[in-house]
Amino acid sequence: MDRRRFEQLVDLAIQELPDEFRKRLKNVAVMVERRPSAELLDRMGVPPEETLFGLYEGTPLTERGFEAPLYPDCIWIFQEPIEKACESEEEMKEEIRVTIIHEIAHFFGIGDEDLEEMGY
């Protein structure tokens, strides 16, 4: 799939979020990258046989004080790992949706264990 179509699927997934979530994401950049770098995977402690579909970088809302963060928050969506894991565009749409929800949850301060209990 070309980059432009993949980005359209990401935009569609964001537009389909409930309004209360989308409104909170105004200062969060959502970026598409081809794949996570080896350095990023190493820094995140991802084993060589695994990869990332997405990543939230920033200060979760639950950890913020009164001062604005120095850098904007960012959600990264990695195209190649999602494409390799999915057999159709419909599967990719669903995986992108789940990945975005997962990363938004980190922005809201929800950890991986809680996300697993919720099915994400």
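The values are calculated or read from the model by the stated rules, or taken from the named source; none is laboratory data. Being a predicted model, the structure only gives us computed values, none of them experimental. Note: ideal-geometry Cβ built from the backbone for every residue, glycine included; neighbour counts use all protein chains shown.
Test each condition in (1) hydrophobic (A, V, I, L, M, F, W, C); (2) farther than 22 Å from Asp112 by Cα; (3) in a helix (DSSP H, G or I) for Met1 and report the one that comes out false.
For Met1, the exception is condition (3).
Please count how many residues of the range 22-54 are among the small types (Gly, Ala, Ser) and surrounded by 12 or more Cβ atoms within 10 Å (Cβ to Cβ).
Filtering the range 22-54 for residues among the small types (Gly, Ala, Ser) gives 29, 37-38, 45, 54.
Next cut, surrounded by 12 or more Cβ atoms within 10 Å (Cβ to Cβ) only: 29, 54.
Here the count works out to 2.
Considering the range 1-56 alone, what residues qualify as being of a type in the set (Lys, Arg) and under 27 Å from Ser88 (Cα atoms)? Full working, then the answer.
Of the range 1-56, the ones of a type in the set (Lys, Arg) are 3-5, 22-24, 26, 34-35, 43.
Within the range 1-56, Arg3, Arg4, Arg5, Arg22, Arg34, Arg35 meet the criteria.
Residues that are touching a Pro at 6+ places or on another chain (Cβ under 8 Å) and within 20 Å of Val32 (Cα to Cα): list the helices (runs of 4 or more DSSP H) wholly contained in the range 79-120 that include at least 1 such residues.
Values: elements: 79-85, 89-107, 112-118.
In the range 79-120, the matching helices (runs of 4 or more DSSP H) lie at 79-85, 89-107.
Look through Glu57, Glu16, Glu103, Glu91 and report the one residue that is under 24 Å from Arg5 (Cβ atoms), surrounded by 15 or more Cβ atoms within 10 Å (Cβ to Cβ) and of a type in the set (Asp, Glu).
Working: Glu57 fails: under 24 Å from Arg5 (Cβ atoms); Glu16 fails: surrounded by 15 or more Cβ atoms within 10 Å (Cβ to Cβ); Glu91 fails: surrounded by 15 or more Cβ atoms within 10 Å (Cβ to Cβ).
Answer to the selection: Glu103.
Which of the residues belonging to the range 67-109 are touching a residue at least 24 places away in the same chain (Cβ under 8 Å), under 16 Å from Glu16 (Cα atoms) and not aliphatic (A, V, I, L, M)?
Residues satisfying the conditions are Lys93, Glu95, Arg97, Thr99, His102, Glu103.
Any residue that is under 26 Å from Met1 (Cβ atoms) and not hydrophobic (A, V, I, L, M, F, W, C) - is there at least one of those in the range 64-78? Full working, then the answer.
Initially, the range 64-78 is screened for residues under 26 Å from Met1 (Cβ atoms), giving 74-78.
With the extra rule that they be not hydrophobic (A, V, I, L, M, F, W, C), the set shrinks to none.
Taking every residue of the range 64-78 in turn, none turns out to be under 26 Å from Met1 (Cβ atoms) and not hydrophobic (A, V, I, L, M, F, W, C).
Starting from residues that are within 17 Å of the chain's Cα centre (by Cα) and of a type in the set (Gly, Ala, Ser), keep the ones in the range 46-89 and report whichever is farthest from Thr99 (Cα to Cα).
Of everything passing the filter in the range 46-89, Gly58 is farthest from Thr99 (Cα to Cα).
Give the residue that is surrounded by the fewest Cβ atoms within 10 Å (Cβ to Cβ), with candidates limited to residues of the range 106-120 that are over 23 Å from Gln15 (Cβ atoms) and not acidic (Asp, Glu).
Applying the first criterion (over 23 Å from Gln15 (Cβ atoms)) to the range 106-120 yields 109, 111-114, 116-117.
Now restrict to residues that are not acidic (Asp, Glu): 109, 111.
Numbers: Gly109: 13, Gly111: 11.
Out of the qualifying residues, it is Gly111.
Quick check: anything in the range 63-71 farther than 13 Å from Arg24 by Cβ, out of contact with any strand residue (DSSP E or B) (no Cβ under 7 Å at 6 or more places or on another chain), part of a helix (DSSP H, G or I) and of a type in the set (A, V, I, L, M, F, W, C)? Talk me through it step by step, then tell me what you get.
Within the range 63-71, the subset farther than 13 Å from Arg24 by Cβ is 63, 65-71.
Retained after the next criterion (residues that are out of contact with any strand residue (DSSP E or B) (no Cβ under 7 Å at 6 or more places or on another chain)): 63, 65-71.
So of that shortlist, the ones also part of a helix (DSSP H, G or I) come out as 63.
Remaining after also requiring of a type in the set (A, V, I, L, M, F, W, C): none.
No, because not a single residue in the range 63-71 is farther than 13 Å from Arg24 by Cβ, out of contact with any strand residue (DSSP E or B) (no Cβ under 7 Å at 6 or more places or on another chain), part of a helix (DSSP H, G or I) and of a type in the set (A, V, I, L, M, F, W, C).
For the range 34-60, what are the residues that are charged (D, E, K, R) and under 17 Å from Ile104 (Cα atoms)?
Glu57
So which of Val10, Val30 is at pLDDT 85 or above, assigned to a helix (DSSP H, G or I) and touching a strand residue (DSSP E or B) at 6+ places or on another chain (Cβ under 7 Å)? Let's see the steps before the verdict.
Details: Val30 fails: assigned to a helix (DSSP H, G or I).
Exactly one of Val10, Val30 is at pLDDT 85 or above, assigned to a helix (DSSP H, G or I) and touching a strand residue (DSSP E or B) at 6+ places or on another chain (Cβ under 7 Å), namely Val10.
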